[in-house]
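Step one of this worksheet: look at the structure below.
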Amino acid sequence: MYELSRVRLYSVGPEPARYQDVTLDFSDIGRPVRFQADTLLEPHQPHRRPSPASVLFLENGGGKSVLLKLIFSVMLPKRRQIVGTTSTRVLENFVLAGDVAHVVLEWMHAETGRLLLTGKVSEWRNNTVSGDPENLATFWYCLRPTEAVRLDTLPFAADRRLVSRVAFRQRLAEKFASDPRLEFFASRQPGEWTRQLDQLGLDPELFRYQREMNADEGEAAGTFTFATD
């Protein structure tokens, strides 16, 4: 079983609730890992499980709904799964022109302490916002952190410029070619990505239940709307 350890949001979100480079850290404050894997000998990896429960306080308009939608977009890749059936807000609004938007979730295995990253990268084709959602190019990926590649060192930017979606994927693929421990996998297909999550032991169905439980006020109201009396 995996537990959420950290979340990193980079160059993503609408103007009123923007996450330029934010890391939510729940790591290393839970119970000790039961069976420490060899990878835990690395100094950058914690020896304790993530927090069993955390509370995040944000004022109105601070980005709570945006945060939830972004996290769920990694685990529930189909667009309607993310935004619900009544919301008028779509993920396309969370990626601005010129953005290379990243959402990365770091997981720790509750028994072994082994870490896993799952992420999503989105970028408008030609860096131009479009009314056609198909022009928002996206891929999902996962990898096993190493000494050189981990949540804090992902190659999001170089020389103070954002690394393009294609170049980011290529850089990770090159690192994987030289270090198979990364176990890097990437896909542009929601169905293929969902199957990969299943193989990793991250059940998307559980996140669908959580998504329904965390519906915002507008979406929750839709649950009690009926066509007739």
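The values are calculated or read from the model by the stated rules, or taken from the named source; none is laboratory data. All figures in this text were calculated on a predicted structure; none of them were measured in a lab. Virtual Cβ from ideal backbone geometry, glycine too; neighbours counted across all protein chains shown.
Table for the structure above
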| read-out | value |
| --- | --- |
| Boolean, T118 is polar (S, T, N, Q) and under 15 Å from the mean Cα position of the chain (by Cα) | yes |
| Residue pairs meeting the criteria (Cβ under 6 Å; at least 6 apart or on separate chains; first on the phi > 0 side of the Ramachandran plot, in region 45-68; second surrounded by 11 or more Cβ atoms within 10 Å (Cβ to Cβ)) | G63/A17 |
| Residue list for region 160-171, filter: in contact with a strand residue (DSSP E or B) (Cβ under 9 Å, 6 or more places away or on another chain) and part of a loop (DSSP other than H, G, I, E, B) | V163, S164 |
| Residue that is in contact with a Leu (Cβ under 9 Å, 6 or more places away or on another chain) and loosely packed, with under 14 Cβ neighbours inside 10 Å, where the choices are R195, R125 | R125 |
| Test: residue in region 149-159 that is closer than 24 Å to M1 by Cβ, within 15 Å of the chain's Cα centre (by Cα) and not in a strand (DSSP E or B) | yes |
| Selection count, region 88-127, where residues are among the hydroxyl-bearing types (S, T, Y) and modelled with pLDDT of 95 or more | 2 |
| Residue in region 45-77 that is surrounded by the most Cβ atoms within 10 Å (Cβ to Cβ), counting only those that are part of a helix (DSSP H, G or I) and among the small types (G, A, S) | S73 |
| Residues within region 183-211 that are of a type outside the set (D, E, K, R), more than 14 Å from F139 (Cα to Cα) and without any contact (Cβ under 8 Å) to a residue 60 or more places away in the chain, tallied | 3 |
| K120 being touching a residue at least 24 places away in the same chain (Cβ under 8 Å), touching a Phe, Trp or Tyr at 6+ places or on another chain (Cβ under 8 Å), under 24 Å from L197 (Cβ atoms) and part of a helix (DSSP H, G or I) | no |
| Residue within region 63-70 that is touching a helix residue (DSSP H, G or I) at 6+ places or on another chain (Cβ under 9 Å), among the β-branched types (V, I, T) and modelled with pLDDT under 95 present | yes |
